[in-house]
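Read through the structure below, which is laid out as structure tokens, and then see the notes.
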Amino acid sequence: EPGGLAEHLGLRPGDTLVALNRRRLRDEIDIWFWAADGIETISWRTPGGHTVRRRLRGRTDAPLRMTLEPFRPDVCGNDCVFCFVYQNPRGMRRQVYFKDEDYRLSFIQGNYITGTSLRPADIRRIIAMRLSPLYFSVHATEPALRETLLGRRGLPGIMGLLRHLGRHGIQFHTQIVVCPGLNDGAAAERSVRDLLTLRPGLVSIAFVPVGLTDHRQGLHRITPVDRDIARDFIAFAKPLQREAERLAGEPVLFLSDEWFLRAETPLPSYARLPFVHQLENGVGMIWFFLRRWRRRRRRLVKPLPRPWRVAALTGPLAARGLTDFWKDLNAIPNLTVEPIVLENSVYGKATTVTGLLPGCDFQRAMRACAGRFDQVLIPGNALRETDQWFIDNLPFRDLAAEGAALGLHVDAVMEDAVEAWERIVVRCEQSDADR
């Protein structure tokens, strides 16, 4: 980056970092680790194969300020009975067909790993470099059941691995993807009680309902989570949550929002928690999406300068969870917001989460909005964060450009409900000024 230490030393795009402070580099984690106490020496290799070494006059803590190419993740060797990768149709973006199982991505991005591919050297590195917290897919602590779920035999027990990491100060979050009839009931109860013995290394446990698509031909038969199953599981989990909080001294066992939305029951409040550890796993996602709005709506809300019609495109579950938000918006003078619920034409009707809605479904719905609405809002979690592409390889910029040609303002809401309101205000005021 311009003005950074890397540019000052002579590094150029295409160069490969080799060593830092005389330590060989394997990936970006090594760079962060060995640069933490300052940089004294640095070596890199040019695209032509020439090795360059630089010694600084004194150790500096100035940031290198450079963008690194992503490392190649390790591949998952499991054959999980519920693996979502196996349920992808053709034509999606390339990354959804890749099964990663990499502790580095667990540390950097919060990706869940089973731990089955961890080598002794990996475990030593995790402990030595304090790569904490990590995120583990447990699914079941009973060894034979876990082997069935992961589709592999002769696996080392997950409890031994987690206990070893915890003893060395590594903290971890865990998830249990619940497959009705396989790892629920007594198996889930045992898993929670086993995991609670790993405190304080264990930070949280999340129950997540199994995700199924229409593309399961030839795969293990799994019972989908319907309304009745979701309600029964919530009732089953409540005493476990109370027991876990009593033993841990704080809430540690959570259910993802999807359980409550599928059960058609009210979402729990997370008001007494400063944050939720498993937000990206769908725990408290809707509550936190609305949190700033609840706190600030009286100060933020104002009549719009002209009548403004907004179509909010969303999935079935999110639409259900945001009912009160739609009511709040429709009470604002001059504003009409209509939630338009999209059915997933690629993954199937059973796939109701917003993040898996393909661009083609948004495109079809947007075209139908032309002439009826002024603005279209799209949920940001349907887009890949790095490049704003939908899961079926449609760039958001193309959708927005087509919307503009149809006379529509198209916006992706990346953060929360306050951002949605602010985008409505900005677009309406701009349109009013242009009249």
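The values are calculated or read from the model by the stated rules, or taken from the named source; none is laboratory data. Everything numeric in this text was worked out from a predicted model, so none of it was measured. In this analysis, Cβ positions are derived from the backbone assuming ideal geometry, glycine residues included, and neighbour counts consider all displayed protein chains.
Couple of notes before you dig in:
- Residues satisfying the stated conditions in the range 246-259, i.e. free of Cβ contacts under 8 Å to residues at least 60 places away in the same chain and outside any loop (DSSP other than H, G, I, E, B): Arg246, Leu247, Ala248, Phe254, Leu255, Trp259
- The residues of the range 198-242 that are free of Cβ contacts under 8 Å to residues at least 24 places away in the same chain and either of a type outside the set (Lys, Arg) or closer than 12 Å to Arg262 by Cβ (or both), listed by number, are Gln217, Gly218, Asp228, Asp232, Ala235, Pro239, Gln241.
- Selection count where residues are in contact (Cβ under 8 Å) with a residue 60 or more places away in the chain and surrounded by 19 or more Cβ atoms within 10 Å (Cβ to Cβ), scope the range 338-351: 3
- Looking at the range 140-245, the helices (runs of 4 or more DSSP H) lying wholly inside it that each contain 3 or more residues that are closer than 18 Å to Ile113 by Cβ, at pLDDT 95 or above and within 26 Å of the chain's Cα centre (by Cα) sit at 143-150, 158-167.
- The range 260-292, residues that are over 25 Å from Leu356 (Cα atoms) and in contact (Cβ under 8 Å) with a residue 24 or more places away in the chain: Arg292
- Being without any contact (Cβ under 8 Å) to a residue 24 or more places away in the chain and either closer than 28 Å to Arg306 by Cβ or not assigned by TED's automatic domain parsing to the domain that holds Arg309 (or both) is a description that applies to Ala401.
- Criterion (under 25 Å from the mean Cα position of the chain (by Cα) and in the same structural domain as Val96 (by TED's automatic domain parsing)) met by exactly one of Arg272, Arg320: Arg272
- Any hit, the range 286-302, residues being assigned by TED's automatic domain parsing to the domain that holds Arg427, over 29 Å from Phe254 (Cβ atoms) and either within 22 Å of the chain's Cα centre (by Cα) or at pLDDT 95 or above (or both): no
- Among the residues of the range 7-57, those that are among the aliphatic types (A, V, I, L, M) and within 26 Å of Ala128 (Cβ to Cβ) comprise Leu17, Val18, Ala19, Leu20, Leu25, Ile29, Ile31, Ala35, Ala36, Ile39, Ile42, Leu56.
- Any chance Arg104 is without any contact (Cβ under 8 Å) to a residue 12 or more places away in the chain and farther than 29 Å from Ser345 by Cα: no
- Single residue of the range 110-127 satisfying the filter (surrounded by fewer than 18 Cβ atoms within 10 Å (Cβ to Cβ) and out of contact with any Phe, Trp or Tyr (no Cβ under 9 Å at 6 or more places or on another chain)) that is nearest to Leu182 (Cα to Cα): Arg119
- Looking only at the range 360-381, and only at residues there that are under 11 Å from Glu402 (Cβ atoms) and either surrounded by 19 or more Cβ atoms within 10 Å (Cβ to Cβ) or of a type outside the set (Gly, Ala, Ser) (or both), the one that is farthest from the chain's Cα centre (by Cα): Arg367
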